[in-house]
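The values are calculated or read from the model by the stated rules, or taken from the named source; none is laboratory data. In this text the structure is predicted, and so the values were computed from the model without any measurement. FYI the Cβ positions are ideal-geometry reconstructions off the backbone, even for glycines, and counts take in every protein chain you see. The accessibility values were calculated without ligands, DNA or RNA, using every heavy atom of the protein model including side chains. Shrake-Rupley method; radii C 1.70, N 1.55, O 1.52, S 1.80 Å.
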Amino acid sequence: MLRSMYSAVSGLKAHQAEMDVIGNNIANVNTVGFKASRMTFKEIFNQTIKGASAPQGSGGGTNPQQVGLGVAIASIDTLFTNGGSQRTDNPTDLSIDGNGFFIVNNGGANLYTRAGNFSFDSNGDLVTPDGYKVMGWISQDGKTVNTDTGNLSPISIKNWSSTSPASTKLIQLGGNLDAGTNIGSSVSYNVTIYDSQGGSHVATIQFTKKDNAGNWDAAITNFDGNDLSASPVTIGSIQFDSNGLITNPAGSIFSVNVSSLPITNTNATLGDGTNITIDLSNLTMYSSSTDIRELSKDGNSAGSIESINIDQYGVVSGIYSNGRTQVIGQIALADFQNTQGLEKVGNTMFINTVNSGDPMIGAANTGTRGTINPGTLEMSNVDLANEFANMITTQRGFEANAKVITTSDEILQDLVNLKR
């Protein structure tokens, strides 16, 4: 039989495999996070008809004579170039700008994906459309996340659906007291504070000018509509210098005894049970209108979660009905020494292999890992123009190999006809 026929058969098989790769790429042109593949060819081996010879005497050397015996698949590579970002404005849709993969778990082994079309299920877990749980780290205090631990947990809001009430223990005021205020005159500012059960109360803080030397007294003169002017709760005295800045007392942070304030809920307490810290160090006394502002304050009423925010570092925060924001957890990313060594396992998922190396797990924007773009999805990186061009060359290659087979068949037919 002719060697050309079997070479052409290997060519048909190789080009058919390439068409399979192209077809899969085109089929997934709109698949979120899909990574296209490409196929390369290699020759199989050659039959040596005559070996090379060295020059001898007056005669020159000769080159080897070989006949190739077909083609085989050299590689089918996954192309990990970044796909474009599609904006969705859905807070749980995520894409990665740069290297890295989301880590998800199907109840056993970890899988890796670039598809960030996540959502929260009825248990409060952040999951893929197939129910795989997105992995990361959970906050222990609602403020920070420890990403140094190697222990990953499913990202879940199950235990963060509400916030407990907290009493106000610190109030920081700023702004200006008018230097032109008459001696003995007062200005007031109302501040809302919370008790230990989340009840809100309105306290009136009154500033009274004592003299033209920059001395002022501060006191709570009204609480929940109860007039305390006859026996106010003293905060303290402050003194401004000629530049309008507080000089005395240094720091101007006062621990105020609020145990005598008329709170109606006797089961609740204010501050730490006795005192509230009031910081007046940011007040000034300039010759401009009085403008007192609340710079910061702790404490809150009970609240329920209303929305979720995920930032570029993968930090998941809950926003609550009482205006409070808590850090729930942080989504982990994984990168690999050799991403080409990852193995596709369906559902736009990958697993690591002996040639990809172990996952390098960490937070977004650390190490070789990229940043997270919330409210976007990574589109497929399939280049349709390139796929169609490859389809044309693959089709022509298939046709050419088929023509070699038919031509070889005609030669064999002529050979058989010699008998006649």
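Annotations
- Viscosity 1.567 mPa s, temperature 4 °C, Stokes-Einstein D of the chain from Kirkwood C-alpha radius, µm²/s: 45
- Pair-distance profile P(r), taking every C-alpha pair of the stretch 275-401, with 10 angstrom steps and integer %: 9, 18, 21, 19, 14, 9, 6, 3, 2, 0
- Anchor Lys133: aspartates and glutamates whose Cα lies under 16 Å away (excluding residues fewer than 8 positions away in-chain): Asp93, Asp121, Asp125
- The chain: angle of helix 384-417 to the longest principal axis, Cα-based, in degrees nearest 10: 20
- Within-12-Å neighbourhood charge of Thr181 [Cβ basis; K, R +1; D, E -1]: 0
- Net lengthening on full extension, Asn190/Met5 (0.36 nm per residue, minus Cα-Cα): 57.1 nm
- Computed from label points 7 Å out along Cα-Cβ, the spacing between Asn159 and Tyr286 is 4.9 nm.
- For the stretch 45-162, the Kirkwood estimate of hydrodynamic radius, built from reciprocal distances between every pair of different alpha carbons, is 19.7 Å.
- Reachable lysines from Lys403, criterion Cα separation under 28 angstrom, eight or more residues apart if same chain: Lys13, Lys42, Lys419
- Scalar couplings 3J(HN,Hα) for the stretch 201-207, obtained by applying the Karplus form with A = 6.51, B = -1.76, C = 1.60 to θ = phi - 60°, are 9, 10, 10, 9, 9, 10, 10 Hz; x denotes Gly and Pro.
- Computed extension length for Thr269-Asp20: 82.4 nm, one decimal, from 0.36 nm per residue of separation with the Cα-Cα distance subtracted.
- Estimated dipole of the chain in Debye, rounded to 20 [Cβ of Lys and Arg +1, of Asp and Glu -1, Cα centre]: 1580
- Calculated FRET efficiency for the pair Val345/Asn365, C-beta based, R₀ 35 Å, to 0.05: 0.80
- Per-residue ³J(HN,Hα) for the stretch 298-308, Karplus 6.51 cos²θ - 1.76 cosθ + 1.60, θ = phi - 60°, Hz, x for Gly and Pro: 9, x, 6, 7, 5, x, 10, 5, 10, 7, 10
- Rg ratio for the stretch 134-218: its Cα radius of gyration over 2.2 N^0.38 Å, N being its residue count, equals 1.89.
- Net charge of neighbours whose Cβ lies under 14 Å from the Cβ of Gly375, counting Lys and Arg as +1 and Asp and Glu as -1: -4
- If you plug the beta carbon distance of Thr31 and Ile411 into 1/(1 + (r/R0)^6) with R0 = 56 Å, you get a FRET efficiency near 0.75.
- Between the stretch 6-26 and the stretch 385-420, the Cα center-to-center distance that results, in Å: 14
- Cut-off under 5 Å, modelled amide H: who pairs with Phe41 long-range: Ala74
- Converting phi to 3J(HN,Hα) with the Karplus coefficients 6.51, -1.76 and 1.60 and the offset θ = phi - 60°, the stretch 97-108 yields 9, x, 7, x, 9, 6, 9, 10, 10, 9, x, x Hz in sequence order, with x at every glycine or proline.
- Candidates Asn110, Asn275, Asn243, ranked by Gaussian network fluctuation over the chain, Cα under 10 Å, top entry: Asn243
- Label-to-label distance, Gln337 versus Ala74, with points set 7 angstrom from Cα along the beta-carbon direction: 2.5 nm.
- Share of carbon and sulfur in the accessible heavy-atom surface of the chain [1.4 Å probe, %]: 47
- Amide H contacts of Gly116 (H built 1.01 Å from N, under 5 Å, at least 5 apart or other chain): Leu94, Glu378
- Long-range amide H partners of Phe34 with built H, under 5 Å: Ser380, Asn381
- Relative contact order (percent, whole number), the stretch 335-420, Cα cutoff 8 Å, 6+ residue spacing: 17
- Among Asn381, Asn390, Asn309, the largest mean-square fluctuation in a Gaussian network model of the chain (Cα springs under 10 Å) belongs to Asn390.
- The residues of the chain expose on average 51 square angstrom of accessible surface per residue, using a 1.4 Å probe on protein heavy atoms.
- Gap separating the Cα centres of the stretch 297-333 and the stretch 244-285, nearest whole Å: 28
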